[in-house]
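*Asks:* Have a look at this one.
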Amino acid sequence: MNFNLFLNNIPKIQKAPLLATESHLKMAPMERIRMLKLWDYSTLSPKKAGVLALFYPKKTETYLVLIIRTPRGIHSSQVAFPGGKFEEDDRDLSHTAIRETEEEIGVSQKEINLVTHLSEIYVPPSNYLVYPYIGHLDFEPKFTLQQDEVSDIIEVSLNDFLNAKITTHTIKSSYSSFVGVPAYIVNGKVVWGATAMVLSELKDILTKSLFEK
């Protein structure tokens, strides 16, 4: 999609109703759907995090950047949005998302235009409540990776993202040994779990905002 067309539709994106569970459940593992009925994360004192869906022009087309986490920790080697844990000095969670994006992929906070937020999502393996945001740059960035957190980036064209189909991928999860989970295949990488659930809401909102009258 032409980047100017994307920019012209930002007011519609900002006004679009959040779809939350309706979108999240499309990409939720079966065990997660079952546990959603049992979890009351308000009693679990979850840590808070902010992440950013960052769009930018590449030549004339619109792109979205995702990251691949380093092969360590509970989310080892998984595809994710740039972002991280809320710190006491952060003004709010949107600031967390933007600050962490600068730290992880080297995009200056001053250059990021905040568009709106998406629905928060609870991540049980790490006990995080994640607040996603949408932002954009007015130029094609040069990424500088935080090597101890990010092993690589994935630059996804908006057209490819909106046309991505849901597939099933077998993974070794924290819920059980091996399970089939709904996933997107993005630039040859498997995206599942909380990132896929946030992407599902993002995709639904963009589709409604950009193509439905």
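The values are calculated or read from the model by the stated rules, or taken from the named source; none is laboratory data. Since the structure is predicted, the reported quantities are computational estimates derived from the model, not experimental observations. Here Cβ is always computed from backbone atoms with ideal geometry, including for glycine, and neighbour counts include all displayed protein chains.
*Asks:* If SER76 meets every condition in (1) modelled with pLDDT under 95; (2) touching an Asp or Glu at 6+ places or on another chain (Cβ under 8 Å); (3) of a type in the set (Gly, Ala, Ser) apart from one, which number is that one?
*Replies:* With (1) modelled with pLDDT under 95; (2) touching an Asp or Glu at 6+ places or on another chain (Cβ under 8 Å); (3) of a type in the set (Gly, Ala, Ser) applied to SER76, the lone miss is (2).
*Asks:* So, of the residues in region 124-146 that are within 30 Å of SER45 (Cα to Cα) and either among the charged types (D, E, K, R) or surrounded by fewer than 20 Cβ atoms within 10 Å (Cβ to Cβ) (or both), which turns out to be nearest to the chain's Cα centre (by Cα)?
*Replies:* First pass over region 124-146, keeping only residues within 30 Å of SER45 (Cα to Cα): 124-135, 146.
Checking which are either among the charged types (D, E, K, R) or surrounded by fewer than 20 Cβ atoms within 10 Å (Cβ to Cβ) (or both) leaves us with 124-127, 129, 146.
Details: PRO124: 16, PRO125: 17, SER126: 16, ASN127: 17, LEU129: 13, GLN146: 18 Å.
Here the answer is LEU129.
*Asks:* Among all residue pairs at least 6 apart or on different chains, which show Cβ distances below 7 Å where the first residue, located in region 187-213, is closer than 24 Å to ILE10 by Cα and touching a residue at least 60 places away in the same chain (Cβ under 8 Å) and the second is crowded, with 22+ Cβ neighbours inside 10 Å and acidic (Asp, Glu)?
*Replies:* Partner pairs satisfying both residue conditions: none exist.
*Asks:* Using the structure shown, decide if THR170 is in contact (Cβ under 8 Å) with a residue 24 or more places away in the chain, out of contact with any helix residue (DSSP H, G or I) (no Cβ under 8 Å at 6 or more places or on another chain) and polar (S, T, N, Q).
*Replies:* So THR170 does not fit the description; no.
*Asks:* All but one of (1) at positive phi; (2) modelled with pLDDT under 95 hold for PRO125, so report the exception by its number.
*Replies:* (1)
*Asks:* With the condition kept exactly as written, say whether any residue in region 156-174 is under 24 Å from LEU7 (Cβ atoms) and among the small types (Gly, Ala, Ser).
*Replies:* Just the residues of region 156-174 that are under 24 Å from LEU7 (Cβ atoms), to begin with: 156-164.
With among the small types (Gly, Ala, Ser) added as a condition, the list becomes 157, 164.
Yes, region 156-174 contains at least one residue that is under 24 Å from LEU7 (Cβ atoms) and among the small types (Gly, Ala, Ser).
*Asks:* Given the conditions (1) over 26 Å from LEU5 (Cβ atoms); (2) under 16 Å from the mean Cα position of the chain (by Cα); (3) outside any strand (DSSP E or B); (4) not polar (S, T, N, Q), which single one is not true for ALA49?
*Replies:* (3)
*Asks:* Now, a different point. If I filter region 137-152 for residues that are modelled with pLDDT of 95 or more, farther than 17 Å from ILE33 by Cα and basic (Lys, Arg), do I get at least one hit?
*Replies:* yes
*Asks:* A follow-up question, please. Return yes or no: is SER108 buried (at least 17 other Cβ atoms within 10 Å of the Cβ), polar (S, T, N, Q) and at pLDDT 95 or above?
*Replies:* Details: buried (at least 17 other Cβ atoms within 10 Å of the Cβ): no; polar (S, T, N, Q): yes; at pLDDT 95 or above: yes.
So SER108 does not fit the description; no.
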